[in-house]
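Read through the structure below, which is laid out as structure tokens, and then see the notes.
The values are calculated or read from the model by the stated rules, or taken from the named source; none is laboratory data. Please read all numbers here as calculations on a predicted model, not as lab measurements. Glycine gets a Cβ as well: all are built from the backbone with ideal geometry, and neighbour counts include every protein chain shown.
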Amino acid sequence: MRVRFWGTRGSIATPGPGTTHFGGNTSCVELTTSDGDLLIFDCGTGAHRLAAKLIAEGKSQIKANILLGHTHWDHIQGFPFFSPAFVKGNSAAIYGPEGSHGSLHDVLSGQMEFTYFPVELSQLPAAITYHDLAEGIHAIGSARVATQFINHPALTLGYRVESNGKAVVYLVDHEPFSDELWRAGAEPGRIESILHDGDRRHAQFMVDADLVIHDAQYTPEEYGPKKSWGHSTYAYAVQLASAAGVRHLVLTHHDPDHDDHFIADIERRARDLARDLGKGLDVSCAYEGCELVIERRTSVRPFETADPFQASLAQSHLHILVVDDEAEALKAVARALGEGSYVVRTAPSGPDALRMISEQIPDLVVLDYTIAGMDGFEVTRAIRANSETKDVPVVMLTALTDEPSIRKGFEAGVTDYVTKPFSLPQLLARVHACLARTKRR
Ligand SMILES: [Zn+2]
Ligand SMILES: [Zn+2]
């Protein structure tokens with residue numbers, strides 16, 4: 001496999017004298033398998049120059065597979081400038097997460113409405129197909145592609161591409177599930193020692209990969225005020241990749257406020273950290289034009305999803321019970337989930353919640369930790385103790401982010417945590433991701 005970076009910037013394109021080395025175009029990475037399949041991770045402004053190169057190669061037919069992590073601007077803005085789509089006979093298969101607001105087709109045609117762009121999506125002469133993906137294993141060209149939801153305010157997929165015994169993993173935009181990475185008392189640096197189920201799954205998804213391309217927008221010093229914006233620090237990416245036995249980690253989605261000097265410093269600090277961890281992880285920061293050839297070594301074992309995925313959530317009208325004793329918060333959360341096409345019921349207290357659950361078992365419970373009568377852990381334990389409801393996922397809303405509280409929560413049976421303050425789209429993305437990987441009764 002061969003990988004080339006065309007866009008390495010996050011959030012907004014940042015051309016100028018300060019970014020000539022690492023580049024100013026937003027996310028776009030080209031991957032070519034040894035069988036000649038063309039896969040493109042994200043379609044930010046970097047896609048414009050990739051498109052020009054593909055045209056210049058003079059192939060009679062261009063078959064592009066475009067894998068979108070999500071549809072924020074910096075990941076799709078290059079699509080209207082992807083010139084192979086303007087040529088009859090070419091094809092573009094576009095993949096992205098299902099369950100966002102509107103289908104992939106609707107979102108992409110929205111950014112090409114006449115108000116914003118002179119050519120409509122439906123007018124493009126190439127054959128364009130749309131594939132809304134859930135978590136699972138998919139065949140794309142001759143490659144085997146695993147997908148897994150990552151942690152971002154919009155529903156976002158990570159991709160693991162396996163071809164001829166090699167694995168490349170793309171994880172952009174993502175932020176840590178938990179502030180604390182390691183369980184107290186456990187040996188740090190091992191996947192089993194990771195505290196939060198979400199971070200552990202994230203590390204498992206990159207296990208033994210030849211190359212991991214990971215969001216690293218911030219330094220640890222910058223992260224605090226930018227928590228819940230959906231991006232990682234280089235330190236988080238290095239620690240997880242190291243624990244997962246990754247060979248080469250490339251940090252990307254550079255912050256628009258970071259110039260070449262700043263990013264070079266991040267690269268130096270990330271390499272120092274990787275060296276201290278002692279697992280032989282090679283780290284670099286992505287720059288535009290950077291090309292990597294993944295050479296053969298012993299084959300990587302194919303990734304297997306830990307949990308079976310759900311084919312489609314969009315039409316299933318799942319029931320969610322929201323439990324909170326603060327009326328305003330309860331209303332806001334219920335409204336946001338209702339917009340996500342879920343059927344929502346609400347309960348103002350723990351005892352009310354348990355009574356309602358016994359009357360009708362919901363597909364998922366969103367539970368505030370601090371509620372009158374019984375706290376969130378007690379309600380969770382009661383749900384787990386009943387054989388009828390023991391598998392219902394519970395998403396806990398909490399301001400408690402210390403290691404003992406989180407551990408206590410997982411021991412009580414909490415499926416996922418959303419830490420306060422959170423945004424409603426972020427909660428919706430987490431609920432959807434949680435449902436997508438839960439076995440339906
Ligand atoms: Zn982004
Ligand atoms: Zn984003």
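Things to note:
- Ala154 vs. criteria aliphatic (A, V, I, L, M), in the same structural domain as Met206 (by TED's automatic domain parsing) and under 21 Å from Ala51 (Cβ atoms): no
- Scanning segment 55-87 for residues that are within 15 Å of ligand 2 (Cβ to nearest atom) and among the small types (Gly, Ala, Ser) yields Gly69, Gly78.
- Any chance Gly413 is buried (at least 16 other Cβ atoms within 10 Å of the Cβ), small (Gly, Ala, Ser) and farther than 30 Å from Pro225 by Cβ: yes
- Per-region count, segment 176-213, residues more than 22 Å from Gly224 (Cα to Cα) and charged (D, E, K, R): 6
- Inside segment 127-152, residues that are more than 27 Å from Ser341 (Cα to Cα), among the small types (Gly, Ala, Ser) and in contact (Cβ under 8 Å) with a residue 60 or more places away in the chain make up a count of 3.
- For segment 353-371, filtered to residues that are charged (D, E, K, R) and crowded, with 17+ Cβ neighbours inside 10 Å, the residue that is nearest to Val414 (Cα to Cα) is Asp368.
- The listed residue being within 16 Å of ligand 2 (Cβ to nearest atom) and among the acidic types (Asp, Glu), out of Asp173, Asp179, Asp199: Asp173
- Flag if Gly7 is in the same structural domain as Ala264 (by TED's automatic domain parsing) and free of Cβ contacts under 8 Å to residues at least 12 places away in the same chain: no
- Residue that is farthest from His261 (Cα to Cα), among those in segment 271-301 that are among the acidic types (Asp, Glu) and part of a loop (DSSP other than H, G, I, E, B): Glu295
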